[in-house]
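Take a look at the structure set out below.
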Amino acid sequence: MLADLALVGFGHVGRRFVRLLDERRDRLAREHDLTWRVTGIATRRHGSVSDASGVDALAAARQVDAGGSLSAAAASRPDSSQAVIAALAASDAPLRVLVETTTLDITGARAALDHVRLALEAGCHVATANKGPAAFAYRELSDIAARNGRLFLFEGAVMDGVPVFNLVRETMPTVRIDGFRGVVNSTTNHILTALEDGLEYTPALAHMQAEGIAEADPSLDVDGWDAAAKAAALSNVWLDGEITPHDVERTGIGPDTAAWARAAAARGCRVRLVASARRGSRPAVRPVELPGDDLLAGVRGMANALILDTDSLGRVAISQLDGGLTQTAYALLSDLVTIRRRMSSTIR
């Protein structure tokens, strides 16, 4: 079965995704009867390209890696994403999927929401690694998807490719989640681990920036916004919340956290930036001193973990020991396979 893909956003994750697709091409065809072609790519900084017969996505990735543009214009036209999505909607492929990987806009995720709405209303499925749509408008977008018989998936929004949403949706039927708490931001967790090991805050943050994990402006991470967006998405999906990241009580970390982290370590405890929520209560993101035997206290470096409180299974822990571009790109591939599986008998 052929899937036509339109990529809106073509940063590190988007480019790793097309390379991963190529690496798994044979397995996708053999194990899932799934072939694919990219019909359009739209970016904010590198222009756009579209071709109903297929775009050479690997060549496009190499072009962007080298600092080049995808079109004659140095910057994409304001309507390039809409044009790429419209072209996807006009395709006669059995599966038409928007792959949305723009960066999180914590003020309201307006651009990402527009992309997702447009695609769903045009009869396309959506797979996104952007946590904004689920964090700001999960109920609305899910309703649009249901009305149009399409899927809105976002496995890469929390804990990269670890299937936290798929795990609950596909393997825990009738289970009610009553709450969660977890370490869900890799940058702050790496910094806190470095602080308790004796490093100062500024060099710890600089190391994450040098590794490409923290942005040049790291405020989304260290001020707790990234974790708040993830907490909002988890609350909206699992706890029937209708909130945004701005409804999350939020405290980040900073240079003054260093002394606390080292003192806690000397006491046999650990400071972690914990995202938590209970059904019917306001989610929170804040640094918390945890006893050494707490599962979250043992989450070090780039690792993440979530503990779910459920009505039938008690507490369920999900841990990710390694995270990065490949894991996030894999989440998009996983969503694509999920779309293929779930729509195979209902293609219109």
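Based on the Cβ-Cβ distance from Trp260 to Asp105, what FRET efficiency comes out when R0 is 45 Å, to the nearest 0.05?
After rounding to 0.05, the efficiency reads 0.90.
Taking R0 as 45 Å, what's the FRET efficiency between Val316 and Ala59 from their Cβ-Cβ distance, rounded to 0.05?
0.55
Where nothing but the Cβ of Lys and Arg (+1) and of Asp and Glu (-1) is charged, how large is the charge dipole of the chain around its Cα centre, in debye to the nearest 20?
600
Measure off 7 Å from each Cα along the Cα-to-Cβ vector at Leu295 and Leu167, then give the distance between these two points in nanometres to one decimal.
0.8
Taking other Cβ within 10 Å of each residue's Cβ, how do Met159, Met208 sort, fewest first?
Met208, Met159
For the residues Cys124, Cys269, what sequence is obtained by ranking on other C-beta atoms within 10 Å, fewest first?
The fewest-first ordering by Cβ neighbours comes to Cys269, Cys124.
Run a plain Debye calculation on segment 177-322 (Cα atoms as equal point scatterers, no solvent) and give log10 I(q)/I(0) at q = 0.12 Å⁻¹, rounded to two decimals, same order as the q list.
Normalising to I(0) and taking log10 leaves -0.46.
Suppose every Lys and Arg Cβ carries +1 and every Asp and Glu Cβ carries -1, with no other charges. What dipole size does segment 223-323 come out with about its Cα centre, to the nearest 20 debye?
300
How far apart, in nm, are two points set 7 Å out from the Cα along the Cα-to-Cβ line at Glu242 and at Arg139?
Result for the modelled spin labels: 0.3 nm.
Could you work out the helix-only [θ] at 222 nm for the chain, with each DSSP H run of four or more residues adding -39,500 (n - 2.57) and the total divided by the number of residues, to the nearest 500 deg cm²/dmol?
-12500 deg cm²/dmol
Would you mind ranking Thr107, Thr338, Thr101 so that the residue whose beta carbon has the fewest other beta carbons within 10 Å leads the list?
Thr107, Thr338, Thr101
Throughout, read-outs are computed from the coordinates displayed, never taken from laboratory work. As the structure is a computational prediction, the values presented were derived from the model and not from experiment. We place every Cβ from the backbone using ideal geometry, glycine too, and count neighbours over all the protein chains shown.
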